[in-house]
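Asker: Below are the structure tokens for one structure; questions will follow.
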Amino acid sequence: MSTPAPGKLQQVLGLGFGLAGAVGGTIGAGILVTPGLVAAQLGAPWLILAAWLLGGLYAGLGALCVAELASSLPRAGGWYVYAERAFGLRAGGLVGWTDWLAHCIGLAWVATTTGELLALLLPALGLPPRLISLLAIAGFGLIQWRGVKAGSASQELLSLAKAAAFLALVLACFLLPGGAEIAGPASALEAPPALPPLAWGGLSLALLAALQPVITTYDGWASPIYFSEEFTDPGHDLPRSLIGGVLAVLALYLLINAALLHVLTPAQLAGSNLPAADAARLLAGAGGSLLIHGVALVALLGLINTVVMAAPRILYGLSRDGLFPTAALAVNAGGTPTGALGLTLALTAALVLGGSFEHLLAMAAFLYVCLPLVGIAALITLRRREPELPRPFRLPAYPLAPLLIALVSTAFLATALLQDTTNSLAALALAGVGLLIPQQRQPETPPSSATPAAACPPPPGCPGR
């Protein structure tokens with residue numbers, strides 16, 4: 001491969017990075033907490049595992065749908081690219097702005113949590129948690145500033161460390177005897193009364209309630225799409241990254257829940273605010289709390305790296321099409337959109353200094369569910385309007401898969417509107433701010449998607465190669 005020209009995104013990423021991006025963008029500290037919420041709704045071990053399996057199937061169907069879009073339109077910008085192609089420039093700009101804001105809010109919260117954890121684990125540092133959060137953001141920003149190769153290497157390393165940490169926790173849990181056989185003061189957990197069996201009607205409602213935190217914990221499976229333009233072979237590697245990433249996360253989540261159910265009874269799991277910490281106390285006594293905090297820290301660091309790398313690609317795509325000031329178009333010799341990176345870090349730092357995240361996180365969670373729904377609508381629209389569009393990967397379950405995803409996502413959003421109307425409406429209002437950003441210039445024509453496959457130039461990245 002020839003050396004990429006400076007000032008442009010570089011096609012240097014492969015399947016290994018794609019899988020690392022999907023795993024790193026999905027698995028955070030939430031999996032250490034969510035199993036207790038799910039158990040509180042369902043009780044029976046088989047129902048708990050079934051809920052996690054259903055959540056993984058939902059994410060897998062979404063990955064199949066998005067794999068077709070990503071391989072057909074391998075351009076930087078994430079969900080913006082598909083919305084712009086299907087619904088026009090203004091609609092696409094609204095989606096891109098929303099996506100970038102949600103990323104920055106999520107990044108600020110993860111960085112804040114990381115600062116608090118590091119201050120707890122390393123009190124000798126003597127630094128305020130908020131300062132540690134800002135240093136973490138700056139540190140990962142410097143890694144990305146070096147270039148896409150440095151960013152991808154750090155992503156692969158951190159995702160590997162994250163998977164290894166969780167697998168080690170799973171293995172340690174299974175090495176213990178079953179929960180009913182554990183004896184001794186280290187395992188004397190207060191067990192609430194056994195949960196009553198559910199009737200079929202109550203079971204359906206309980207399963208729906210349990211699926212909400214499960215689906216939220218699977219958020220991030222679409223992370224590879226933000227780097228579509230930088231894959232050497234997007235037609236092949238993007239679908240494999242999306243689908244393989246979901247399968248890897250699904251397997252890990254099932255293992256984690258099975259391990260927790262091995263050492264804790266369903267009632268203990270349901271009554272715990274941090275079930276992984278209770279399991280860790282059985283493993284390491286008083287040191288179990290530090291152990292689980294260390295695992296959470298590894299998970300959060302990988303998530304920071306993913307978001308710091310992905311969010312600037314959204315702004316870069318918007319700027320290239322005239323929907324954001326041209327400052328975000330600057331790209332260094334290493335292939336990093338430095339202008340967009342600087343703006344992302346600046347907004348995130350301002351959010352960290354602002355402090356309160358309760359409402360912002362609720363708003364971001366609502367927006368994160370809106371984005372795949374827009375992608376599904378774009379998929380259906382482009383299938384109907386552009387049947388000749390080169391599709392290196394075609395969704396095998398069309399139209400069943402997109403309709404199922406649309407149904408679940410719509411139900412999720414309707415529930416959020418009813419249960420948290422204020423934050424949901426505020427999220428829509430925040431997204432609407434994107435309409436106020438003036439268009440700078442006409443969008444560029446995407447050569448890889450506007451040109452038939454046979455006329456696509458031969459270098460890496462040609463769809464359908």
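The values are calculated or read from the model by the stated rules, or taken from the named source; none is laboratory data. Quick caveat: nothing in here was measured; it's all calculated off a predicted structure. Note that each Cβ is placed from the backbone with ideal geometry, even for glycine, and that neighbours are counted across all protein chains shown.
Asker: Could you check, for the stretch 180-200, whether at least one of its residues is of a type in the set (Ser, Thr, Tyr), surrounded by 15 or more Cβ atoms within 10 Å (Cβ to Cβ), modelled with pLDDT of 80 or more and not in a loop (DSSP other than H, G, I, E, B)?
Answerer: Scanning the stretch 180-200 turns up no residue that is of a type in the set (Ser, Thr, Tyr), surrounded by 15 or more Cβ atoms within 10 Å (Cβ to Cβ), modelled with pLDDT of 80 or more and not in a loop (DSSP other than H, G, I, E, B).
Asker: Being loosely packed, with under 15 Cβ neighbours inside 10 Å and aromatic (Phe, Trp, Tyr) is the filter here; which residues of the stretch 131-179 pass it?
Answerer: Phe174, the sole residue that qualifies.
Asker: Can I ask one more? Could you tell me whether Arg320 is touching a residue at least 40 places away in the same chain (Cβ under 8 Å), under 30 Å from Gly88 (Cα atoms) and touching an Asp or Glu at 6+ places or on another chain (Cβ under 7 Å)?
Answerer: Spelling it out, Arg320 is indeed touching a residue at least 40 places away in the same chain (Cβ under 8 Å), under 30 Å from Gly88 (Cα atoms) and touching an Asp or Glu at 6+ places or on another chain (Cβ under 7 Å).
Asker: Can I ask one more? Just to be sure before I move on: is Gly18 part of a helix (DSSP H, G or I), in contact with a strand residue (DSSP E or B) (Cβ under 9 Å, 6 or more places away or on another chain) and closer than 24 Å to Val369 by Cα in the structure I sent? Step through it out loud before you land on a result.
Answerer: On the way: part of a helix (DSSP H, G or I): yes; in contact with a strand residue (DSSP E or B) (Cβ under 9 Å, 6 or more places away or on another chain): yes; closer than 24 Å to Val369 by Cα: yes.
Yes, satisfied.
Asker: I would also like to ask the following. Does Ala296 qualify as being touching a Leu at 6+ places or on another chain (Cβ under 9 Å), farther than 15 Å from Cys104 by Cβ and crowded, with 24+ Cβ neighbours inside 10 Å?
Answerer: Yes, satisfied.
Asker: Here's another thing I want to ask about it. From Arg85, Arg75, which residue is under 20 Å from Val307 (Cα atoms) and charged (D, E, K, R)?
Answerer: After applying the criteria, what remains is Arg75.
Asker: Within the stretch 372-382, is even one residue β-branched (Val, Ile, Thr), buried (at least 17 other Cβ atoms within 10 Å of the Cβ) and either over 27 Å from Ile215 (Cβ atoms) or in contact with a Leu (Cβ under 6 Å, 6 or more places away or on another chain) (or both)?
Answerer: Taking every residue of the stretch 372-382 in turn, none turns out to be β-branched (Val, Ile, Thr), buried (at least 17 other Cβ atoms within 10 Å of the Cβ) and either over 27 Å from Ile215 (Cβ atoms) or in contact with a Leu (Cβ under 6 Å, 6 or more places away or on another chain) (or both).
Asker: Taking the stretch 120-144, which residues are at pLDDT below 90 and in a helix (DSSP H, G or I)?
Answerer: If the condition is that a residue be at pLDDT below 90 and in a helix (DSSP H, G or I), then Leu120, Leu121, Pro123, Ala124, Leu125 are the ones that fit.
Asker: Still on this structure, please answer the following. Can you find even one residue in the stretch 64-73 that is farther than 30 Å from Leu428 by Cβ, without any contact (Cβ under 8 Å) to a residue 60 or more places away in the chain and part of a helix (DSSP H, G or I)?
Answerer: No, the stretch 64-73 contains no residue that is farther than 30 Å from Leu428 by Cβ, without any contact (Cβ under 8 Å) to a residue 60 or more places away in the chain and part of a helix (DSSP H, G or I).
Asker: Can you tell me how many residues within the stretch 243-285 are free of Cβ contacts under 8 Å to residues at least 40 places away in the same chain and over 28 Å from Trp221 (Cα atoms)?
Answerer: Adding up the residues that qualify gives 1.
Asker: Please go through (1) at pLDDT 80 or above; (2) on the phi > 0 side of the Ramachandran plot for Gly464 and return the number of the only condition it doesn't satisfy.
Answerer: Unmet for Gly464, out of (1) at pLDDT 80 or above; (2) on the phi > 0 side of the Ramachandran plot: (1).
Asker: Continuing with the same structure: Which of (1) within 21 Å of Gly28 (Cα to Cα); (2) touching a helix residue (DSSP H, G or I) at 6+ places or on another chain (Cβ under 7 Å) is the odd one out, the single condition Ala83 does not satisfy?
Answerer: Here Ala83 meets the rest and fails (1).
Asker: Are there helices (runs of 4 or more DSSP H) fully within the stretch 333-431 with at least 2 residues that are farther than 22 Å from Asp219 by Cα and in contact (Cβ under 8 Å) with a residue 60 or more places away in the chain? List them.
Answerer: Once the helices (runs of 4 or more DSSP H) in the stretch 333-431 are filtered for at least 2 residues that are farther than 22 Å from Asp219 by Cα and in contact (Cβ under 8 Å) with a residue 60 or more places away in the chain, what remains is 338-354, 358-385.
Asker: Shifting gears a bit: Can you find even one residue in the stretch 298-307 that is over 21 Å from the mean Cα position of the chain (by Cα) and among the hydroxyl-bearing types (Ser, Thr, Tyr)?
Answerer: No, every residue in the stretch 298-307 fails to be over 21 Å from the mean Cα position of the chain (by Cα) and among the hydroxyl-bearing types (Ser, Thr, Tyr).
Asker: Can you confirm whether Gly62 is in contact with a helix residue (DSSP H, G or I) (Cβ under 8 Å, 6 or more places away or on another chain), farther than 24 Å from Ala161 by Cα and crowded, with 23+ Cβ neighbours inside 10 Å?
Answerer: yes
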